Amino acid sequence: MRCPKCNYNKSSVIDSRQAEDGNAIRRRRECENCHARFTTFERVEELPLLVIKKDGTREQFSREKILNGIFQSAQKRPVSSDDIEQVVSRIEQRIRSEYESEVPSTVIGNLVMDELAELDEITYVRFASVYKSFKDVDEIEELLQQITNRVRSKKKRSKLDETD
Ligand SMILES: [Zn+2]
C-alpha cells in the first residue's frame, strides 16, 4: 500500500481492528520511509447495487456520496466520523438485505433522515433541507414539529434511563 504522502510502497501495520460492524477491517499503517500514518479498509467485494434516481436514471450506489452528504450536514456539530461511518454502514446493510440489485434513491434518503434524527437534530434539519429542497413554509413547519416531538420523546426516554 503506497504512502499517500511520499508514495513509498512499504508500510507497517500499527493497529488492526474490526470496522463497520465486522464487515471491514480497519488498519492503521505507518510509512516506513516518512513515518506518516494513514488508514486502510479491507472489505469483501460486493455485487454492484444501482440507485434509481427520481428521473428514472440509474447510478452506482456510492457509500462515499452518502458519507459526504452527512459530513457536510454535520459540520461543527458534536458528531464524530465514527458515528457517521456507523450510520452509513447500518443504512448500507439494510439496503443490501432488503434490495437485491436496485434501490430507489428516496428509500436511501429516508433511511438517512431516520438515522440523523436519532443522531443530531441540527444535522438532521440541514440534511433534510437539502434533500427535500422545501417548496413552501408549511413543509418546514411540519419538519420542525416532527423534530420537536422527537426531542421531547428522547428527553423523556433519557430521563427514565438516568440512574442518579
Ligand atoms: Zn511516506
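The values are calculated or read from the model by the stated rules, or taken from the named source; none is laboratory data. Here the structure is a predicted model, which means the values were calculated and not measured. A quick note on method: Cβ atoms are made from the backbone with ideal geometry, for glycine too, and the neighbour counts reach across all protein chains shown.
Miscellaneous remarks
- Total residues in region 4-29, condition within 11 Å of the ligand (Cβ to nearest atom) and either assigned to a strand (DSSP E or B) or in contact (Cβ under 8 Å) with a residue 24 or more places away in the chain (or both): 6
- Of all residues in region 30-48, those that are more than 9 Å from the ligand (Cβ to nearest atom) and either part of a loop (DSSP other than H, G, I, E, B) or closer than 23 Å to Q60 by Cβ (or both) total 9.
- Residue among S80, S101 that is of a type in the set (S, T, N, Q) and at pLDDT 90 or above: S80
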